[in-house]
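Reading through the structure tokens given below for one structure.
The values are calculated or read from the model by the stated rules, or taken from the named source; none is laboratory data. For clarity, every value in this text was computed on a predicted model and none was experimentally measured. Here the Cβ positions follow ideal geometry from the backbone for every residue, glycine too, while neighbour counts run over all protein chains shown. For accessibility, only protein heavy atoms count, side chains too; no ligands or nucleic acids. Shrake-Rupley method; radii C 1.70, N 1.55, O 1.52, S 1.80 Å.
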Amino acid sequence: AAMGDTTHVDEQERVCRRLLPRAATVAYQHVYKDNSRSAWRRDRRRPGWEALVEAIRGGELDMVAIYHGDRLVRQPRDLEDLIDVGSERGITIVSPTGTYNLADPDHQMMLRWMVARAKNEVDHLSRRMKEGHARRRKKGIVRKGGRGGRPYGFEPDGVTHRPDEVALLREAAGRILAGEGAGQI
């Protein structure tokens, strides 16, 4: 979440709708969401993002309201795709933190800076997390978490297995390996 902001996606939509001019709000029918799909991973498919870019490319939109820049674009290459399709049409991006015209080179520069900064923060966070996991592994410490302060399948010490939960985990793993979808399990 940006700056510790964990505002729910539906509330983000309400904020965005308030940003749009009244005439746009009445005519506005496109909502693009990628719930629970972090855009930080390069290989992550985001159907909502892809549909938004196609709508801009197809001339369906001239303005995009976003809650925060990192809710829309998190990878520099995604921003370049957005600039490529949006600059030709002069797409305006409105958010609580500012308004940007994709045809304006100065606005493009500001967006590039914001995305680069956010990407740098994520890279540092990822590095620190990996280093922390490696330190704990080296010491034989299991990361505690989950319900009751323990990972599922373990006692609160994070080492001792809970046989009933371990059996369920093994069953789920077997079903996944057999080709069943995780959502079905």
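The figures follow:
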| read-out | value |
| --- | --- |
| Matching helices (runs of 4 or more DSSP H) fully within segment 72-185 where at least 2 residues are farther than 30 Å from Leu20 by Cβ | 105-139, 163-177 |
| Residue tally, condition crowded, with 17+ Cβ neighbours inside 10 Å, modelled with pLDDT under 90 and more than 21 Å from the chain's Cα centre (by Cα), over segment 86-103 | 0 |
| Extreme residue, modelled with the lowest pLDDT, among residues of segment 21-34 that are closer than 21 Å to Val85 by Cα and in a loop (DSSP other than H, G, I, E, B) | Tyr28 |
| Any pair with Cβ under 9 angstrom, 6 or more apart, that starts in segment 155-168 at a residue that is within 21 Å of Gly140 (Cα to Cα) and ends at one that is of a type in the set (Ser, Thr, Tyr) | Arg162/Tyr152 |
| Residues of segment 35-59 classified as at pLDDT 65 or above and open to solvent by less than 40 Å² (accessible area, probe 1.4 Å), total | 8 |
